[in-house]
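Participant: Sharing a structure below in structure tokens format, with a few things to ask.
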Amino acid sequence: MIAVMAPLLLGAYLPSTPELGTAEGRCRRGEQGPALLVEIDGLKDRRGRIRLELYPANDTDFLQDDNLLVAAGKTFRRVEAPVPTAGPVELCIRAPSPGTYALAVLHDRDGNRRFSLSIDGIGFGGNPKLGWSKPKAAAASIRVGPSPTPARVVMNYRRGLFSFGPIGK
């Protein structure tokens, strides 16, 4: 079962440049243009950081190493912020143009900038039901309009040995 999860875990161990894509992904107050206003629901707790990443909506590039995507001139955007201690959790991430993109959200509970199956939470645009492998890009994709577009992502966490899903379900 764990071997099936390897594609998702592989992304957690590839070298990454934490600042890559952050300047392109950062929204500015009052700015118009294509972006996602992502409401994040179902957090396990209020510790750590939340990271949004925007990818091309195809299986080859979805969750690919950020350095490879940028070097190839492909879409990659990242926004990261501390989890607020109270209230709604909403982050904005800019897109290069209107269109369909795959969105991944990481609740990095221990703040180490890596996905740990036993600690961290993950969610995707489209809120696909998760098994033990990464979802297809189409299931994790979301349409971005010409102006900031609202979206909602429900977080998933490991529950027991063979279950991965939203808290309380």
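What follows draws every value from the coordinates through simple rules; no lab data is involved. Please read these numbers as outputs of a predicted model, since none were measured by experiment. With ideal geometry, Cβ positions are generated from the backbone for all residues, glycine too; neighbour counts draw on all protein chains shown.
Participant: If you take every residue apart from Ser147 with its C-beta less than 12 Å away from the C-beta of Ser147, what net charge results, scoring Lys and Arg +1 and Asp and Glu -1?
Facilitator: Numbers: positive: Arg94; negative: Glu31.
Here the count lands on 0.
Participant: Under the rule of -39500 (n - 2.57) per DSSP H run of 4 or more residues, summed and divided by the residues of the chain, what mean residue ellipticity at 222 nm is obtained, to the nearest 500 deg cm²/dmol?
Facilitator: Details: 3 runs with 18 residues, N = 169.
Computed mean residue ellipticity for the chain: -2500 deg cm²/dmol.
Participant: Could you tally the net charge around Val79, taking each other residue with its Cβ under 9 Å from the Cβ of Val79, Lys/Arg +1 and Asp/Glu -1?
Facilitator: Numbers: positive: Arg26, Arg51, Arg77, Arg78, Arg94; negative: Glu53, Glu80.
So the surrounding residues net to +3.
Participant: By how many nm would the segment from Thr60 to Arg47 grow when fully extended, if each residue of separation counts as 0.36 nm and the alpha-carbon distance is taken off? Intermediate values should be presented prior to the final figure.
Facilitator: Working: separation 13, 0.36 × 13 = 4.68 nm, distance 3.21 nm.
Going from the current span to full extension adds 1.5 nm.
Participant: Further question: Sort Leu63, Leu54, Leu117, Leu43 so the one with the fewest other Cβ atoms within 10 Å of its own Cβ comes first. Mind dumping the intermediate values first?
Facilitator: On the way: Leu63 23, Leu54 27, Leu117 15, Leu43 20.
By the 10 Å Cβ count, ascending: Leu117, Leu43, Leu63, Leu54.
Participant: Taking Cα centroids, how far is the range 112-159 from the range 17-94 in Å?
Facilitator: 11
Participant: In addition: Sketch the reach of a paramagnetic label on Ser116 as a point 7 Å from Cα along Cα-to-Cβ, and name the residues of the range 39-77 whose backbone nitrogen lies under 20 Å away.
Facilitator: 43-52
Participant: For the range 2-158, take N as its residue count and report Rg(C-alpha) divided by 2.2 N^0.38 Å. Mind showing how you got there, number by number?
Facilitator: Numbers: Rg = 14.3 Å, N = 157, 2.2 N^0.38 = 15.0 Å.
For the range 2-158, the normalised Cα radius of gyration comes out at 0.95.
Participant: Determine, for Ser97, Ser118, Ser141, the number of other Cβ atoms within 10 Å of each Cβ, and report the residues in order from fewest to most. Could you put the intermediate results ahead of the total?
Facilitator: Working: Ser97 10, Ser118 6, Ser141 23.
In order of increasing Cβ crowding within 10 Å: Ser118, Ser97, Ser141.
Participant: Local charge sum around Gly48 (other residues, Cβ-Cβ under 13 Å, Lys/Arg +1, Asp/Glu -1)? Please report the intermediate quantities before stating the final value.
Facilitator: Numbers: positive: Lys44, Arg46, Arg47, Arg49, Arg51, Arg109, Arg113, Arg114; negative: Asp45, Glu80, Asp108, Asp110, Asp120.
Neighbourhood net charge equals +3.
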